[in-house]
Structures are given as C-alpha cells and as structure tokens.
C-alpha cells in the first residue's frame with residue numbers, strides 16, 4: 001500500500017501534464033508492475049520455502065519427540081530395575097543379620113552339644129569296669145609276691161631290688177598232703 005499511493009499520485013501528475021509524459025508514465029507503471037510481480041513471486045517462493053522449512057522442522061520435532069519418549073520409557077524401565085535391585089538389597093540387609101545370628105546360635109549349640117557328648121563319653125568310661133586296671137592290679141600283686149587266683153604256681157623271685165625279678169615255675173610239693181579235718 002505504501003507504493004500504491006505514490007504511484008497513484010505520479011499517475012495523476014503525468015495525466016495532467018501531457019501525452020508524452022503519458023508514455024513515460026506507462027513505461028514507468030509497467031516497470032513498477034513488473035517489479036511488483038517480481039516481488040510477489042519472490043514472496044511466494046519465500047513463503048513456500050518457509051512452509052517447507054516449517055514442515056521439516058515439525059518432522060524433526062516429531063522425531064525428537066519420539067526419541068525423547070523412547071528414552072523416557074527406557075529410563076522408566078531402568079528406574080524400575082533399580083528400584084527392584086534396591087528392594088532386593090534391603091531385603092538381603094535384613095536377612096543377613098538374622099542368618100548370621102542363626103548360624104552363630106547353631107555353632108554355639110553344636111559346641112555345647114559336642115562338649116556334653118565328650119563329657120558323657122568320659123563319664124560312661126568311668127562307670128564301666130576297666131579290664132586293663134584289673135590286669136594291672138593282678139600284675140602288681142604278682143610282683144609283690146602275693147598269691148593270685150590266675151596263676152597259683154607262678155612266683156616271682158628277686159634277690160636284688162635293682163634287678164628285675166624273673167618268673168620261675170614252682171614245683172608243687174608232693175610231700176604235703178592236705179589235712180582233712182576229721
């Protein structure tokens with residue numbers, strides 16, 4: 001509109017001045033029309049380019065939006081996995097002291113049971129007759145020269161206290177006869 005008003009004024013001025021000037025005015029008007037058409041074409045071309053750029057920008061925004069959405073979904077899955085791992089660790093932290101206490105109690109119980117078992121085994125050995133001890137007692141009696149029920153005919157004879165006594169067979173006396181009470 002800015003260019004239209006000066007053109008109209010110029011057209012009017014030329015119409016008032018004469019024909020020769022009319023020719024110049026027509027040429028000038030034609031030139032102005034061509035310039036306006038050229039500007040319109042350039043404007044329409046620029047508008048098309050803007051529309052294309054806008055469409056391309058919208059497509060890029062849509063692609064970025066989809067990528068962002070997929071990244072959000074992935075972050076959500078990772079957050080869920082992290083939360084699950086955190087819960088597992090919290091549960092394990094609760095269980096570990098309980099298991100440690102149970103194992104410790106079991107170890108103490110096992111140690112006490114083993115101690116009582118050893119004591120019981122030792123006490124059961126005290127109450128049983130010891131055949132080795134009896135044999136030792138008999139040997140001590142033999143060495144001491146006393147008569148034992150196992151071997152009445154064996155006697156130990158020792159001349160010296162520093163020499164180990166040797167076992168000799170004693171011959172029974174045939175002269176002695178048992179006295180019978182009448």
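The values are calculated or read from the model by the stated rules, or taken from the named source; none is laboratory data. These figures come from a predicted structure and were not determined experimentally. Cβ: placed from backbone, ideal geometry, glycine included. Neighbour counts: every protein chain shown.
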Open item on the list: List the residue pairs whose Cβ atoms are under 8 Å apart, where the first residue sits in region 84-105 and is at positive phi and assigned to a helix (DSSP H, G or I), the second is modelled with pLDDT of 90 or more and surrounded by fewer than 10 Cβ atoms within 10 Å (Cβ to Cβ), and the two are 6 or more positions apart or on different chains.
Closed with: none
Task: Residue among 36, 7 that alone is in contact (Cβ under 8 Å) with a residue 24 or more places away in the chain, touching a helix residue (DSSP H, G or I) at 6+ places or on another chain (Cβ under 7 Å), in a helix (DSSP H, G or I) and surrounded by 10 or more Cβ atoms within 10 Å (Cβ to Cβ) - done: 7
- [ ] Determine, yes or no, whether residue 88 is surrounded by 10 or more Cβ atoms within 10 Å (Cβ to Cβ) and at pLDDT 95 or above.
- [x] no
